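K.L.:
Can you keep this structure in mind? I'll have questions shortly.
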Amino acid sequence: MLFATRRSDPPAMTLEGVLGPNTRLDDAAGIAVDAPNAVCVIEGLGLLFSSGSAVLAIEAWDARPTPWAVFDDTVTAIGGGPDGLVAVGLAGGGLAVCDRNGAAAGWTAPAAGPAAIADLAFLPDGAVAAVDSGYGPGDDMFARAPWDDRARGSVTSVRRDGATRQLASGLHCPTGIALDGSGAPLVTLFERAAVAELSGQLRQSGYPAYPGRIRRTDTGYLIACLARRDPLIEFLKTERDFVAEMKQSIEPRYWISPRMHPEFSHDFPIEAGATRLFGEIKPWAPSFSYGLVIETDERLVPTASAHSRANGLRHAISDAVCWNGDIIAVSRASGEVLRIGAGGTVQ
Amino acid sequence: MPGSFTFSSLPKQPVPLVVVSPRRILADLLSKGWVENAIPFIAFVLVAGGIMLTTRDYFGATNLLNLAQYATDGGLLVLALLIVVAVGGIDLSVGSNFAMSAFVALYCFHILGLPTPVILAASLAAGGLTGAVNGVLAGLIGCGALLATLGTMITVRGLYTLASQARLVEISTSARVDDLWDWIGFERWLGLPVGFWALLIVAACVFVMFRQSRFGWHILAVGGNRKAARHGGIQVKLTIFLAYLLGGLVVGLAGFLYAARQNSVGSDTGVGMEFFALTALVVGLGGFVPGRGAVLSVLVGFATVYLFNNAMINAGYRGDFVQLSMGAILIVILAADVKFRKNRHRLLASTYLDPVRVDIDGVKGMDGLMPHEIRPKLREAEILAPGKLDGPEDVILDADGNLYCGNRDGRLLRLRPPDYSRVEVVAKIGGRPLGLAFDPEGRIVTCVAGMGLLRVTMDGAVELLTDQTGRSLLSVQDDTTIRMADDLDIAPDGTIYFTDATKRYDIENWGLDLLEGRPNGRLLSYDPRTRKTRTVCDNLVFPNGVCVTHDGKFLLVASTWSCSILIFDLANAAAGPRVFLSGLPGYPDNINRASDGGYWVALAGMRNPIIDQSMKYPALRRRMTRRVPPTNWLFGNLNIGGVLKLDGDGRIADALWDAPGGPLYMITSMREHEGSLFMGGVTNNKIGRLRLENADNGWTGPKSYWGEG
């Protein structure tokens, strides 16, 4: 393999073409929600979304949100299943499966569940697949994941009787799960900016952003993105000494990494192009936080996108679903559930 | 609280006498103009070295004189070809023309018996005639240089063969002897063969022609871009004609010298000369390059080919083997040269940035004053003239309260009290005014990026005070020009102290200076009485704001990237700076006097742990600039800045910050005036005014500097 080092991965996608910048996320109508994270559509019930440790429901977009259920830990994932079953993942790794009305559906708590649940999906066999990103509620996943070599994410299936089975392990920071057309689970890998099968085989890579959850739609998938990929971060991954010293001597909050909030602070690093002009943030400025929802086709190739750019506030999109023909997305940075409008698939 | 510090007890700031860095020397060499000729020159040195190693006594005096004697005609032919190639043509007929001119000289000498000066004229006429024919065909009629000169080459060769066959016996049997003729052919003058002197004189003339004369410039213009030359009003066809004519005359001279030396011609005289000359030209120029009159390079190329050829033949190699190896070596030289020329700028770009490890003191003296610890006082500031300004780097107020500031478009603006809402133009400077100061006569002295130190009167007259200083010690690159005059202040004796923030980057790229972290700036002084500019202290790290202390005895200089403030004793500035204050929480920009005997320091941006750490990794910063797009380079946080208040001893007494997303985010300058603080920012479009508590409401800057009068 004399020339093995010359092989390189195909270049990452850039924010051009169907991924070209727009202001769809910033223009979208929004419902202010305290600490939202996950959203889910339940047939005959409407839209469920999490707010801290509670789950709220709306029947229609204009309706007032009503409390659906309250849990004793922060809700980190919601997944809808057959017969109106709703699985709710909690920050501490707890899993609650409820019926349509928010009452417990009689599932036995798993004996040895995952440490933290990043996303949930009902498998064809009726079990719930829970994604463990490998980062607990106290770990700052955004700051740590880029500098972590260890792939400690896993996917565990939990049956009604509480029996668990590890479906996959050794995944690098998985953050979302969805079933493909044949019913096989796909997971998004946050730091790898890719969608992989449970075997670890990449299905599609090179996304221009770090993905959160992935949801299946009629025409393909929706990928909610937590932050934009950044050339500086990608470059620093090759600078081992620097990163080692950073991890050793600097608090994670000051690390160079994707961020959830587009906030200003005097002690955060910035990139040269992010300097404000006349006090304004340039929309095209590089930023460590970003809002992006990617619509893809069946082969996970992007077909449309919705953005909140560097000067926007609706960053860190953690979840996106299709509901009544609209795309509904959750911005963790601005604390809103957004209605983006009809899918922008361009043929 | 006037200062009570003792200068001599402050820690000394070490300043390097010279900045030594191999990468910088390489970059500086690569940006020199003459480096274009590096490869032909190196090739020449290698060939000469190779010959020296393999042939004993090759470079002895006798052989050198011999070489010089025979180099004349080849050298002249190369120069003739250079003139023609420079105008965008080519001359294949030089060999035939050379032979013909030599024949004409011999004919005139032996058969017509003419005196030598007339023979010279006849030879020149013969050469010039062929050149003129070429010029008419290729230049005036536009037949195409290759075709036209191929035609003349064959025709003249035919004529020459006919004529020489008819007259050769007569010439060779002639017994005419002439002193001048022999002197030209065989004698030496001042130790060198006469013919070689002719070559040197012609080379000097061609050199001066291309460098200094209008005609030479026209030739280069026509060769560089014929269409542009025509649009520029140059008579293209005439220029081409004259270039061929001149080339022909030089060939005529070569023929004459050859005839005087050899006293005979043969059927093979001049055969293949055109290719020999072309080869030398191509080696010297690094290709077939029109529009370039590089006489020296071409002569170096000629010397390379000539010596190589000569040494090989001397060594007894067969002619065809000589040709073979010559061709191979020429291809190697040319390939190296073409590669080098093509990649020189890339090499320069990748070596120019030359980062170094910088250890900056940790933040000191800011307990309880950091932005997250105190209320953002600038939130109460009034915003003046929003959207009407573009980058007021410095602001200054006169005794009447008029505010002056520079603008990015190169104008100096005035805003009148009390509301400061209308913008008037004081002067159009042309460059971007940065630092401002009033002199005792009430004129504004300003540092203008890329221009130097200028003085503006209130009626808008602009006068350049200085744009040059002495050259740095041991600098490869000429750094006499002031590249980024940044801020200034005027001492009580009228001397203007100002900073040249970086000698290596322009105002568009000043950020690269942070990534480099080297001491690239200098403190300069200008004495208006003697009109002399002096380098007070070279090799400072981005010297930025300048302020003369209240007592007029010391000078404060902000060192932006090292987050410190230096102090000079004006009575003995040569002793170097001491550290007035270090470990600032951000990057200090301008420093100005406060009414209570202290100082205001503008912070253009804030440090953060990551950029501080990266300053310890120079190789990382260099790799980053090569592999990461410039917009994504790690940088100091210029999105948040503020103003620090120092007491007279250099202790931080207060800090003024805006809210994190506030409009006064980056502050590069501030001036106190009658109880208010006015603040400007180099990337802002507004000026902030903050009412100060406990300030002297009668205090103004001009009064503090020049008294009531």
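K.L.:
If you check every pair at least six apart or on different chains, which have Cβ atoms under 6 Å apart with a residue in segment B:342-367 that is closer than 21 Å to residue B:582 by Cβ first and a residue that is surrounded by 14 or more Cβ atoms within 10 Å (Cβ to Cβ) and among the β-branched types (Val, Ile, Thr) second?
P.N.:
Close Cβ pairs satisfying both conditions: B:365/B:652.
K.L.:
Here is a follow-up. So in segment B:654-664, with the set limited to residues that are closer than 12 Å to residue B:377 by Cα and buried (at least 20 other Cβ atoms within 10 Å of the Cβ), which one is farthest from the other protein chains (Cβ to nearest Cβ)?
P.N.:
Applying the filter and picking the extreme gives B:656.
K.L.:
Considering only residues that are buried (at least 22 other Cβ atoms within 10 Å of the Cβ) and either in contact with a helix residue (DSSP H, G or I) (Cβ under 6 Å, 6 or more places away or on another chain) or not basic (Lys, Arg) (or both), which ones fall in segment B:599-609?
P.N.:
Correct list: B:599, B:600, B:601, B:602, B:603, B:604, B:605, B:606, B:608.
K.L.:
Got a number for residues in segment B:671-707 being part of a loop (DSSP other than H, G, I, E, B), in contact with a Lys or Arg (Cβ under 9 Å, 6 or more places away or on another chain) and within 14 Å of chain A (Cβ to nearest Cβ)?
P.N.:
Residues flagged as part of a loop (DSSP other than H, G, I, E, B), in contact with a Lys or Arg (Cβ under 9 Å, 6 or more places away or on another chain) and within 14 Å of chain A (Cβ to nearest Cβ) within segment B:671-707 amount to 5.
K.L.:
Something else now. Examine segment A:66-80 for a residue that is in contact with a Cys (Cβ under 6 Å, 6 or more places away or on another chain), in contact (Cβ under 8 Å) with a residue 40 or more places away in the chain and not in a loop (DSSP other than H, G, I, E, B), and state whether such a residue exists.
P.N.:
Within segment A:66-80, one or more residues are in contact with a Cys (Cβ under 6 Å, 6 or more places away or on another chain), in contact (Cβ under 8 Å) with a residue 40 or more places away in the chain and not in a loop (DSSP other than H, G, I, E, B).
K.L.:
Let me ask something additional. Keeping to segment B:383-409, report how many residues are closer than 12 Å to residue B:686 by Cβ and among the β-branched types (Val, Ile, Thr).
P.N.:
2
K.L.:
Starting from segment A:272-290, take each residue that is of a type in the set (Ser, Thr, Tyr) and list its partners that are surrounded by 19 or more Cβ atoms within 10 Å (Cβ to Cβ) and assigned to a helix (DSSP H, G or I), counting only C-beta distances under 7 angstrom and pairs at least six apart or across chains.
P.N.:
The qualifying pairs are A:287/A:274.
K.L.:
Of (1) surrounded by fewer than 24 Cβ atoms within 10 Å (Cβ to Cβ); (2) out of contact with any helix residue (DSSP H, G or I) (no Cβ under 8 Å at 6 or more places or on another chain); (3) within 30 Å of residue B:623 (Cβ to Cβ), residue B:514 satisfies all except one. Which?
P.N.:
Of everything listed in (1) surrounded by fewer than 24 Cβ atoms within 10 Å (Cβ to Cβ); (2) out of contact with any helix residue (DSSP H, G or I) (no Cβ under 8 Å at 6 or more places or on another chain); (3) within 30 Å of residue B:623 (Cβ to Cβ), residue B:514 misses just condition (1).
K.L.:
Quick check on my filter: what residues within segment A:216-237 are more than 8 Å from chain B (Cβ to nearest Cβ) and in a loop (DSSP other than H, G, I, E, B)?
P.N.:
If the condition is that a residue be more than 8 Å from chain B (Cβ to nearest Cβ) and in a loop (DSSP other than H, G, I, E, B), then A:217, A:218, A:219, A:220, A:229, A:237 are the ones that fit.
K.L.:
Within segment B:366-389, restricting attention to residues that are of a type in the set (A, V, I, L, M, F, W, C) and in contact with a Ser or Thr (Cβ under 8 Å, 6 or more places away or on another chain), which residue is farthest from the other protein chains (Cβ to nearest Cβ)?
P.N.:
B:384
K.L.:
Consider residue A:337 carefully, then state whether it is out of contact with any Leu (no Cβ under 6 Å at 6 or more places or on another chain), farther than 20 Å from residue A:259 by Cβ and of a type in the set (A, V, I, L, M).
P.N.:
So residue A:337 fits the description; yes.
K.L.:
Right, next: Residue B:4 is checked against (1) more than 30 Å from residue B:645 (Cβ to Cβ); (2) surrounded by fewer than 11 Cβ atoms within 10 Å (Cβ to Cβ) and fails just one. What number does that condition carry?
P.N.:
(1)
K.L.:
Can you tell me which residue within segment A:166-214, out of those that are among the charged types (D, E, K, R) and under 21 Å from residue A:233 (Cα atoms), is surrounded by the most Cβ atoms within 10 Å (Cβ to Cβ)?
P.N.:
Step by step, filter segment A:166-214, then rank; the result is A:191.
K.L.:
Which residues, taken from segment B:591-610, are out of contact with any Gly (no Cβ under 7 Å at 6 or more places or on another chain) and at the interface with chain A (Cβ under 7 Å from one of its Cβ atoms)?
P.N.:
Result: B:608, B:609, B:610.
K.L.:
Do you know which residues across segment B:260-284 are of a type in the set (A, V, I, L, M, F, W, C) and crowded, with 24+ Cβ neighbours inside 10 Å?
P.N.:
Those that are of a type in the set (A, V, I, L, M, F, W, C) and crowded, with 24+ Cβ neighbours inside 10 Å: B:260, B:265, B:277, B:280, B:281, B:283.
K.L.:
Would you tally the residues in segment B:175-200 being surrounded by fewer than 16 Cβ atoms within 10 Å (Cβ to Cβ), of a type in the set (Gly, Ala, Ser) and in contact with a Gly (Cβ under 9 Å, 6 or more places away or on another chain)?
P.N.:
0
K.L.:
Where residues in segment B:93-128 are within 44 Å of the chain's Cα centre (by Cα) and under 17 Å from residue B:164 (Cβ atoms), which of them is surrounded by the most Cβ atoms within 10 Å (Cβ to Cβ)?
P.N.:
Only one residue tops the list, namely B:97.
K.L.:
Return yes when residue A:326 is of a type in the set (Asp, Glu), more than 20 Å from residue A:205 (Cα to Cα) and surrounded by 19 or more Cβ atoms within 10 Å (Cβ to Cβ) and no when it is not.
P.N.:
In short, no.
K.L.:
Cβ contacts < 6 Å: first residue over 18 Å from residue B:362 (Cβ atoms) and touching a residue at least 24 places away in the same chain (Cβ under 8 Å), restricted to segment A:247-260; second residue in a loop (DSSP other than H, G, I, E, B) and small (Gly, Ala, Ser), any location; separation 6+ or different chain. Result?
P.N.:
Close Cβ pairs (under 6 Å, with a partner that is in a loop (DSSP other than H, G, I, E, B) and small (Gly, Ala, Ser)) amount to A:259/A:289; A:260/A:316; A:260/A:333.
K.L.:
Among the residues of segment B:438-483 satisfying the criterion of being touching a Ser or Thr at 6+ places or on another chain (Cβ under 7 Å) and basic (Lys, Arg), which is farthest from residue B:33 (Cα to Cα)?
P.N.:
Taking the candidates together, the pick is B:443.
K.L.:
Moving on. Could you run through segment B:611-653 and say how many residues are assigned to a loop (DSSP other than H, G, I, E, B) and at the interface with another protein chain (Cβ under 7 Å from one of its Cβ atoms)?
P.N.:
So the count comes out to 7.
K.L.:
Test each condition in (1) under 28 Å from residue B:95 (Cα atoms); (2) touching a Cys at 6+ places or on another chain (Cβ under 7 Å) for residue B:65 and report the one that comes out false.
P.N.:
Of (1) under 28 Å from residue B:95 (Cα atoms); (2) touching a Cys at 6+ places or on another chain (Cβ under 7 Å), only one is false for residue B:65: (2).
Values quoted throughout were computed directly from the atomic coordinates according to the rules given, and no laboratory measurement underlies them. Since the structure is predicted, the reported quantities are computational estimates derived from the model, not experimental observations. Glycine also receives a Cβ, built like all others from the backbone with ideal geometry; neighbour counts cover every protein chain displayed.
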